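S.K.: Quick one: structure below, then a few questions.
The values are calculated or read from the model by the stated rules, or taken from the named source; none is laboratory data. Please read these numbers as outputs of a predicted model, since none were measured by experiment. Here the Cβ positions follow ideal geometry from the backbone for every residue, glycine too, while neighbour counts run over all protein chains shown.
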Amino acid sequence: MTQEIHFVTGKGGVGKSFVAAALAFRQAKEGRRTLLVELGERSFYKDFFRLESIGYQPQPFQENLDLALWSGPESLREYAKHLIKVESLIKIFFENSVSRNLVEIAPALSELAILGKITSGIRKHGPPMPYEVIVVDAYATGHFLALLRAPLGMAEAVRFGPMGEQSRGIAEVLRNSQLTKVHVVTLPEEMPVKETEDLVRELVGDFHLGPSIVLNKMLDVPSEAPPSDAPVAFAEFVSTTRNRQNEMETRLRDLARPLSKVPLILSDDPMLAVRRAVEVLT
Ligand SMILES: Nc1ncnc2c1ncn2[C@@H]1O[C@H](COP(=O)(O)OP(=O)(O)O)[C@@H](O)[C@H]1O
Ligand SMILES: [Mg+2]
């Protein structure tokens, strides 16, 4: 079975989690077994979808769609378990304050464990990952780049042994654009668009990945001028918004990457909002 990994990144607050959910819903709807996984310690989906709990072990959520939350320490613990295989030794390792500090001062190790987990199905390493698609609601831009760099750095630092070998294996999966897809989410605003331009160039240049762009929270502005008797402030708001959205879209199109637009969806039902986004995502 082939497996695809879709990372969703972008500036903080632009709608990464929302768009990741829509991408995962779409894959599931098209009949692919899909895992939607959040990275970090705190879950967005638990509140958003009003779930009782969400944890490290994937749990069924919708037809063809499971949900999980993967934190660095938990991934590292599972990785250690796989290497050491003796639960009592792992307890000693993780409950020892020195190694706890090690976890804190060596974030690269956590990043590596998370990437190891994400790529474990493709590398046939660790517990089974019976999914055709893994959609990762990943970190914001800077942290995401650090995540991608972790296995390359580790592979250079540790050339031999299982650690070096695994880091190279992970890096290989991440550089393979057949297996690894990146979606950069942005708003039609100066700051996130600037960040998107820089990130896309870096992903293409340094990582040889061809990211897609999702332009989120677009306002549906009529293209014709407002009637001449419309209030001036309103007419001005419409034309400024239209001009800004057009300018941002042009800049993003100049990056020559696939681009989809998601409107600002005003609904108090999160499930309905995500389904609406699924319909417009190309
Ligand atoms: N297209 C959209 N229409 C309406 N609300 C949206 C849209 N995209 C995101 N949101 C909402 O905006 C907020 C921020 O989005 P979120 O996905 O949490 O951003 P991020 O993960 O990048 O921090 C959330 O409440 C989310 O539900
Ligand atoms: Mg989020």
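S.K.: What residue, of Glu132, Glu189, Glu195, is touching an Asp or Glu at 6+ places or on another chain (Cβ under 9 Å), of a type in the set (D, E, K, R) and at pLDDT 80 or above?
M.R.: Only one candidate passes the filter, namely Glu132.
S.K.: Is it the case that Leu23 is out of contact with any helix residue (DSSP H, G or I) (no Cβ under 7 Å at 6 or more places or on another chain), within 16 Å of ligand 1 (Cβ to nearest atom) and closer than 28 Å to Glu195 by Cα?
M.R.: It is true that Leu23 is out of contact with any helix residue (DSSP H, G or I) (no Cβ under 7 Å at 6 or more places or on another chain), within 16 Å of ligand 1 (Cβ to nearest atom) and closer than 28 Å to Glu195 by Cα.
S.K.: Going through the stretch 37-67 one residue at a time, which ones are among the hydrophobic types (A, V, I, L, M, F, W, C) and either farther than 16 Å from Pro128 by Cα or more than 16 Å from ligand 1 (Cβ to nearest atom) (or both)?
M.R.: Leu39, Phe44, Phe48, Phe49, Leu51, Ile54, Phe61, Leu65
S.K.: Moving on to the next point. Run down Glu111, Glu78 and say which single residue is at pLDDT below 95, crowded, with 21+ Cβ neighbours inside 10 Å and among the acidic types (Asp, Glu).
M.R.: So the residue among Glu111, Glu78 that is at pLDDT below 95, crowded, with 21+ Cβ neighbours inside 10 Å and among the acidic types (Asp, Glu) is Glu111.
S.K.: Being modelled with pLDDT of 95 or more, surrounded by fewer than 15 Cβ atoms within 10 Å (Cβ to Cβ) and out of contact with any helix residue (DSSP H, G or I) (no Cβ under 9 Å at 6 or more places or on another chain) is true for just one of Leu219, Leu264. Which residue is that?
M.R.: Numbers: Leu219 fails: out of contact with any helix residue (DSSP H, G or I) (no Cβ under 9 Å at 6 or more places or on another chain).
Exactly one of Leu219, Leu264 is modelled with pLDDT of 95 or more, surrounded by fewer than 15 Cβ atoms within 10 Å (Cβ to Cβ) and out of contact with any helix residue (DSSP H, G or I) (no Cβ under 9 Å at 6 or more places or on another chain), namely Leu264.
S.K.: Moving to a separate point now. Just for the stretch 141-176: of the residues that are at pLDDT 85 or above and surrounded by fewer than 15 Cβ atoms within 10 Å (Cβ to Cβ), which one is farthest from Leu69 (Cα to Cα)?
M.R.: Glu165
S.K.: Give just the number: which of (1) aliphatic (A, V, I, L, M); (2) surrounded by 14 or more Cβ atoms within 10 Å (Cβ to Cβ); (3) outside any loop (DSSP other than H, G, I, E, B) does Ala233 not satisfy?
M.R.: (2)
S.K.: A follow-up question, please. Output the helices (runs of 4 or more DSSP H) that fall wholly within the stretch 110-212 and possess 1 or more residues being of a type in the set (Ser, Thr, Tyr) and without any contact (Cβ under 8 Å) to a residue 60 or more places away in the chain, or say none.
M.R.: 120-123, 161-175
S.K.: If the Cβ limit is 6 Å and pairs must be 6+ apart or interchain, which residue in the stretch 252-268 that is without any contact (Cβ under 8 Å) to a residue 12 or more places away in the chain and part of a loop (DSSP other than H, G, I, E, B) pairs with which residue that is surrounded by 16 or more Cβ atoms within 10 Å (Cβ to Cβ) and not hydroxyl-bearing (Ser, Thr, Tyr)?
M.R.: Ser267/Ala273
S.K.: Output the number of the condition that Ala68 fails; it satisfies all remaining conditions of (1) under 30 Å from Lys194 (Cα atoms); (2) of a type in the set (A, V, I, L, M); (3) within 16 Å of ligand 2 (Cβ to nearest atom).
M.R.: Of everything listed in (1) under 30 Å from Lys194 (Cα atoms); (2) of a type in the set (A, V, I, L, M); (3) within 16 Å of ligand 2 (Cβ to nearest atom), Ala68 misses just condition (1).
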